[in-house]
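Here's the structure we're looking at; comments come further down.
Any read-out appearing in this document is the output of simple, stated calculations on the displayed coordinates, not a laboratory observation. Quantities reported herein were computed from a predicted structural model and do not represent experimental measurements. Backbone-built Cβ (ideal geometry, glycine too); neighbour counts: all protein chains shown.
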Ligand SMILES: NC(=O)c1ccc[n+]([C@@H]2O[C@H](COP(=O)([O-])OP(=O)(O)OC[C@H]3O[C@@H](n4cnc5c(N)ncnc54)[C@H](O)[C@@H]3O)[C@@H](O)[C@H]2O)c1
């Protein structure tokens, strides 16, 4: 099935929205990006230039193709100006109220049944977001890219309860055309990726808290013994310990099971402001360079 996308609208020019816009543009799709923060467009354009420059250096893409991809991306400063798109991917802040507000506006702006409204949320229920689209709920779907988007292979495809089979098939086709591997998961808290990953990270904090081993040993054992590219504790530092706690809360509440509650030591580190790489210290220290 063809995805039928000529112009992709991306909401949010942050880490994820910027990456999604770049990958779509490299795949030959025209991209319009909207971000509510005034400086976001310029920052995002700078990131694209740098990232595509690295792909050119590594001979993964020609300079001409990189230039053509950059020329396909434009920015608007209001959601009302995000017109003429035939597919939208939302990648704004992980806040259900903000997302539902935008999906309500988008459904009204795009009454055409063919326009798909996708969300890159990592934890919020797609079925819940879709309620904001009213009668358009069947064309709302989760399209969960991974960070950094230009490098990571997976798109987790998450249909909501009302998503139509046609929208699912077109999402799979679009992710494939963007050079990704789409894999489907049901709309349950954490989908598959965070449901499996986060409890493992949480367990690593329990192992540390109970003195089973020191962080370096926990990470080393999982790296060398399980062939992970990095250990669970250093990965938590990259994700952000506060984000880890938030996702555990989503799992515990969404799956109605206290076994997903965040480890007390993980919560304590967050209380102390040790949030990981972004705050300079989490499990490990990251001195400013
Ligand atoms: N960072 C990750 O590793 C990762 C991975 C997968 C999915 N996600 C999901 O992707 C989404 C974005 O995450 P991110 O890491 O790119 O965040 P980010 O903070 O880097 O970017 C979010 C952007 O959204 C903009 N924004 C906020 N409110 C807006 C609004 N009302 N309208 C338009 N723009 C608005 C902000 O200005 C910011 O530029 C979240 O839903 C997150 O859960 C993140």
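Add -39500 (n - 2.57) for each DSSP H run of 4 or more in the chain, then divide by its residues: what number comes out at 222 nm, to the nearest 500 deg cm²/dmol?
-14000 deg cm²/dmol
Could you list 80, 216 so that the one with the fewest beta carbons within 10 Å of its beta carbon is first and the one with the most is last?
Sorted ascending by nearby Cβ count, the order is 80, 216.
Given the C-alpha centroids of the stretch 205-228 and the stretch 88-113, what is the distance between them in whole angstrom?
41
Restricting the count to DSSP beta bridges whose residues both fall in the chain, what percent are antiparallel, rounded to a multiple of 5?
25
Cα axis of helix 40-57 to longest principal axis of the chain: angle in degrees, 0 to 90, nearest 10?
It works out to around 80 degrees.
Taking neighbour Cβ counts within 10 Å as the exposure measure, how do 279, 2, 119, 125 sort from fewest upward?
Placing the least packed residue first, the sequence is 2, 279, 125, 119.
So how tilted is helix 193-209 from the main axis of the chain? Cα-based, degrees 0 to 90, rounded to 10.
Between the helix axis and the principal axis of the chain, the angle is about 20 degrees.
Could you rank the peptides 180-187, 158-165, 55-62 by their average count of other C-beta atoms within 10 Å per residue, with the highest value first?
Going from most to least packed, we get 158-165, 180-187, 55-62.
Return 226, 263, 244 ranked ascending by Cβ neighbour count within 10 Å, so the fewest neighbours appear first.
226, 263, 244
Express in nm, to one decimal, how much length is gained between residue 238 and residue 43 on full extension, taking 0.36 nm for each residue of separation and deducting their alpha carbon distance.
Between residue 238 and residue 43, full extension yields 68.1 nm more.
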